Amino acid sequence: MTDEDIKFMRLALELAKQAEFIDEVPVGAVIVKDGEIIGTGMNSCISDHDPTSHAEIKAIRDAARTIKNYRLKGCSIYVTLEPCAMCVGAIQHARIEKIIYGANDPKTGACGSVIDLTSIKEINHHTEALVAFLKMNADKYLKISFFQKEKSRRKLRLFLFQLKTINLYYLKVPSITEVDLQISYRYSYKALTLP
């Protein structure tokens with residue numbers, strides 16, 4: 001990997017951190033042509049209410065608008081996580097020449113982890129897929145981020161369960177839903193904190 005590759009992968013990692021900040025799966029993508037960034041994207045499936053709002057898809061849309069062409073010949077995409085089948089398909093349709101990704105995805109990876117769509121001879125366009133030098137950093141970041149988020153969710157569920165139990169059994173509140181508790185937890189945590 002060149003210094004330029006490292007620079008673009010680091011930018012993709014920064015985008016992944018931004019996605020995590022808004023409670024999305026932390027994946028970022030950058031599309032480069034002739035050493036210039038022409039498109040960026042980060043996961044936003046949850047906030048967009050759109051299962052296709054993957055970082056790669058958003059970066060492809062951004063790049064296509066930038067160069068005013070749906071064909072992204074001569075481009076490379078840097079992405080923090082191995083693309084899924086949907087994203088590899090879009091990358092191939094866009095004619096992106098190279099995928100550089102930072103971490104393998106053992107659940108949905110379509111560049112070799114689960115399936116390798118980049119090596120199927122019958123597909124019209126072929127894309128080269130490479131695992132980045134920063135693989136350890138991306139792997140580590142994605143795992144730490146995921147487990148920290150899971151730990152926070154477990155704490156929230158425990159807190160909500162305890163609060164619901166206290167409200168229902170000790171305070172004799174007739175009915176309180178988990179949605180009410182989540183809204184209350186987000187907006188008035190201090191008011192709900194017990195001594």
Förster radius 22 Å - calculated FRET efficiency between Asp116 and Thr2 (Cβ-Cβ, nearest 0.05): 0.35
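Quote the FRET efficiency, to the nearest 0.05, computed for Lys17 versus His93 with a Förster distance R0 of 35 Å and r equal to the Cβ-Cβ distance. Before the final figure, lay out each step's value.
Values: r = 29 Å, r/R0 = 0.82.
Given R0 = 35 Å and the Cβ-Cβ separation, E is 0.75.
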Accessible area of region 3-137 belonging to carbon and sulfur atoms, whole % at 1.4 Å probe: 55 percent
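Pairs Lys73/Lys107; Lys68/Lys107; Lys7/Lys73; Lys98/Lys121; Lys7/Lys98: which are spaced more than 26 Å apart, C-alpha to C-alpha?
Details: Lys73/Lys107 29 Å; Lys68/Lys107 34 Å; Lys7/Lys73 21 Å; Lys98/Lys121 16 Å; Lys7/Lys98 16 Å.
Flagged as over cut-off: Lys73/Lys107; Lys68/Lys107.
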Surface accessible to a 1.4 Å probe, per residue, for the residues of region 1-140, Å²: 51 Å²
Longest to shortest principal axis, alpha-carbon extents of region 49-129, angstrom: 34, 33, 20
Karplus (6.51, -1.76, 1.60) ³J(HN,Hα), θ = phi - 60°, over region 26-31, in Hz, Gly and Pro reported as x: x, 10, x, 9, 9, 10
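The values are calculated or read from the model by the stated rules, or taken from the named source; none is laboratory data. Small disclaimer: the values here were computed from a predicted structure and weren't measured. Because the Cβ atoms are built from the backbone with ideal geometry, glycine has one as well, and the counts that use them run over all protein chains shown. For accessibility, only protein heavy atoms count, side chains too; no ligands or nucleic acids. Shrake-Rupley method; radii C 1.70, N 1.55, O 1.52, S 1.80 Å.
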